[in-house]
1. Each residue of segment 15-26 in turn: what ³J(HN,Hα) in whole Hz from Karplus with 6.51, -1.76, 1.60 and θ = phi - 60°, glycine and Pro shown as x?
2. Charges at C-beta only: +1 for Lys and Arg, -1 for Asp and Glu. How large is the resulting dipole of segment 4-79 about its Cα centre, in Debye rounded to 20?
3. Express the C-alpha Rg of segment 18-58 as a ratio against the empirical globular expectation 2.2 N^0.38 Å, rounded to two decimals.
4. Would you mind counting up the charge near GLY50? Only other residues with Cβ under 9 Å from its Cβ, with Lys and Arg at +1 and Asp and Glu at -1.
5. Highest GNM mean-square fluctuation, the chain, Cα pairs closer than 10 Å: which of GLY50, GLY13, GLY26?
6. Could you tell me the convex hull volume per residue, in Å³, taken over the Cα atoms of the chain?
7. Do you know the relative contact order of segment 4-79, to the nearest whole percent, from alpha carbon pairs under 8 angstrom that are 6+ apart?
8. For the chain, which trypsin sites (Lys or Arg not before Pro) are both in a DSSP coil and crowded by at most 14 other Cβ atoms within 10 Å?
Amino acid sequence: MARLVLITGGATGIGAASAREAARAGYAVAINYRTQEERAARLVDELRAGGASALAVRGDVTRPDDVERCFDESSTWASSMG
């Protein structure tokens, strides 16, 4: 499995900066967002254009079921990369 980081609030601000840094360090990056779908998609495109593996995952971290689903989607995606 690829080294994976899931960044909550990763579409903007400190989260986006962290996603960029993790991508530069060789991590597959899953970007969690709740409402910033367009920004998350743009960041995924930016990271992929730079050669990184990136995924946007919608979820509200105040909801335990969403948190579990975000982890499941991210880890399944990372596992599929080999």
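1. After applying 6.51 cos²θ - 1.76 cosθ + 1.60, I find x, 5, 4, 5, 4, 4, 5, 4, 4, 4, 7, x Hz.
2. Roughly 240 debye for segment 4-79.
3. 1.03
4. Residues close to GLY50 contribute a combined charge of +2.
5. Answer for the Gaussian network model of the chain: GLY13.
6. Dividing the Cα hull volume of the chain by its residues yields 72 Å³.
7. Dividing the mean separation by the residue count of segment 4-79 yields 29 percent.
8. Passing both the DSSP loop test and the Cβ count: ARG3.
Every number here is computed from the coordinates shown, using simple stated rules; none is lab data. Note that this is a predicted model, so its numbers are computed, not measured. Here Cβ is always computed from backbone atoms with ideal geometry, including for glycine, and neighbour counts include all displayed protein chains.
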